[in-house]
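Here the structure is laid out as structure tokens; the discussion comes afterwards.
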Amino acid sequence: MRLLDRVAVITGGASGIGRAIADRFVEEGARVVIADLSAEAGARAADEINGAGSRGSAAHYAVDVSARDQVRHFATAVQERFGRIDVLINNAGVTRYRPFLEAASEDWNAVLDVDLKGVFFCAQAVAPAMVSQSYGKIVNIASVSGTGCSAHAAGGSPGGNAAYAAAKAGVIQLTKTLARELGPSGINVNCVAPGFFLTPLTGSTRTPEQVKEHVAARAGMAVLNRPGKVIELANSVLFLASDEASFIAGQTLFVDGGRTDRM
Ligand SMILES: NC(=O)c1ccc[n+]([C@@H]2O[C@H](COP(=O)([O-])OP(=O)(O)OC[C@H]3O[C@@H](n4cnc5c(N)ncnc54)[C@H](O)[C@@H]3O)[C@@H](O)[C@H]2O)c1
């Protein structure tokens, strides 16, 4: 087992990609801690995972990653309960499509607060435990939007994504600086940039017709000509969170089926 008894915090672990990561980690023996804004969804996910009979286990906490005090209290509670924190997956994310000329500062803040500041807050809250252990793995979830620039006012996307793209580009660069600062303490910090995966996020800002159009458009932009499966993303995150990736730091792994807008 690749994560046997490792304590692994997964933000946004109640849904979509985060839930797939939680499922995969538990199969590998991890003690997963889901930190999600939704207490109800977090509890449901933990119950389902614990009922599935894997070697690992799941606990859940209601946490808003954009609220620094909440994040700090959460990290302290996890350390008191489990005695250590081995892995942090910064996965919680939101999106808000707005044509650039119409975007309000409230739109910008809503996305940047969760997608970028949340990564900063969570890493800073969890890193002291990892430093004291001289061991830790942090994997940040960015996006192809952090480097590519695909059309977002067509193909089933209801508008521009300047805030999201800027936040995800920030996550890629933050990964490098954290890797540099925390690496000497035995902490590997890396990043995974997903392409297109069908999750609740896809439908959160689109009508069902736009989702269909978006799936077709995005599938056509990958050389593998299909959306990704969340298990394919989870396997990549597992690799970077495991000791198999012990000499990898500061890297961003694109799991995107070969996105032509980025190649
Ligand atoms: N789905 C894709 O195609 C895709 C592509 C590129 C990047 N990503 C990134 O992958 C990550 C997961 O996306 P997903 O598609 O699984 O989304 P999702 O909407 O299915 O899940 C996101 C989870 O994050 C939680 N969350 C939202 N705000 C939070 C907050 N402030 N604090 C704590 N939890 C919060 C939600 O409750 C939800 O459970 C995000 O960072 C997203 O930007 C997704």
Looking at segment 204-220, which of the residues that are away from the ligand (no atom under 12 Å from the Cβ) and over 19 Å from Val94 (Cα atoms) is surrounded by the fewest Cβ atoms within 10 Å (Cβ to Cβ)?
Glu209
Would you point out which residue out of Ala30, Ala62, Ala20, Ala58 is crowded, with 19+ Cβ neighbours inside 10 Å, touching a Gly at 6+ places or on another chain (Cβ under 9 Å) and closer than 29 Å to Ala110 by Cα?
Ala58
May I ask you to list the residues in segment 174-199 that are within 16 Å of the ligand (Cβ to nearest atom) and part of a helix (DSSP H, G or I)?
Leu174, Thr175
Just wondering, is there one or more residues in segment 202-221 that are modelled with pLDDT of 90 or more and within 30 Å of His73 (Cα to Cα)?
no
Kindly list, by first and then second residue, each pair from a residue in segment 239-258 that is under 26 Å from Arg226 (Cβ atoms) and part of a strand (DSSP E or B) to a residue that is open to solvent by 40 Å² or more (accessible area, probe 1.4 Å) and not aromatic (Phe, Trp, Tyr), limited to pairs with Cβ atoms under 9 Å and residues at least 6 apart or on different chains.
Thr252/Thr147; Thr252/Lys176; Phe254/Thr147; Phe254/Arg262; Val255/Glu232; Val255/Asn235
Can you tell me how many residues in segment 21-41 are more than 8 Å from the ligand (Cβ to nearest atom) and assigned to a helix (DSSP H, G or I)?
9
Please determine, by comparing only the residues of segment 228-262 that are more than 19 Å from Lys168 (Cβ to Cβ) and hydroxyl-bearing (Ser, Thr, Tyr), which one is most open to solvent (accessible area, probe 1.4 Å).
Ser246
Tell me, please, whether a residue that is closer than 22 Å to Lys117 by Cβ and open to solvent by 30 Å² or more (accessible area, probe 1.4 Å) can be found in segment 180-198.
yes
For segment 155-172, indicate whether the set of residues that are open to solvent by less than 10 Å² (accessible area, probe 1.4 Å), of a type outside the set (A, V, I, L, M, F, W, C) and away from the ligand (no atom under 14 Å from the Cβ) is non-empty.
yes
What are the residue pairs meeting all of these: first residue in segment 1-21, first residue closer than 15 Å to His60 by Cα, second residue among the charged types (D, E, K, R) and open to solvent by less than 10 Å² (accessible area, probe 1.4 Å), Cβ atoms under 7 Å, and 6 or more apart or on different chains?
Val7/Asp86; Ala8/Asp86
Among the numbered criteria (1) out of contact with any Leu (no Cβ under 9 Å at 6 or more places or on another chain); (2) within 22 Å of Ile10 (Cβ to Cβ); (3) of a type in the set (Val, Ile, Thr), which one does Val223 miss?
(2)
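The values are calculated or read from the model by the stated rules, or taken from the named source; none is laboratory data. As the structure is a computational prediction, the values presented were derived from the model and not from experiment. Cβ sites come from the backbone with ideal geometry, for glycine too, and all protein chains shown count toward neighbours. The protein model used for the area step is the full one, side chains on, heavy atoms only, and it has no ligands, DNA or RNA in it. Shrake-Rupley method; radii C 1.70, N 1.55, O 1.52, S 1.80 Å.
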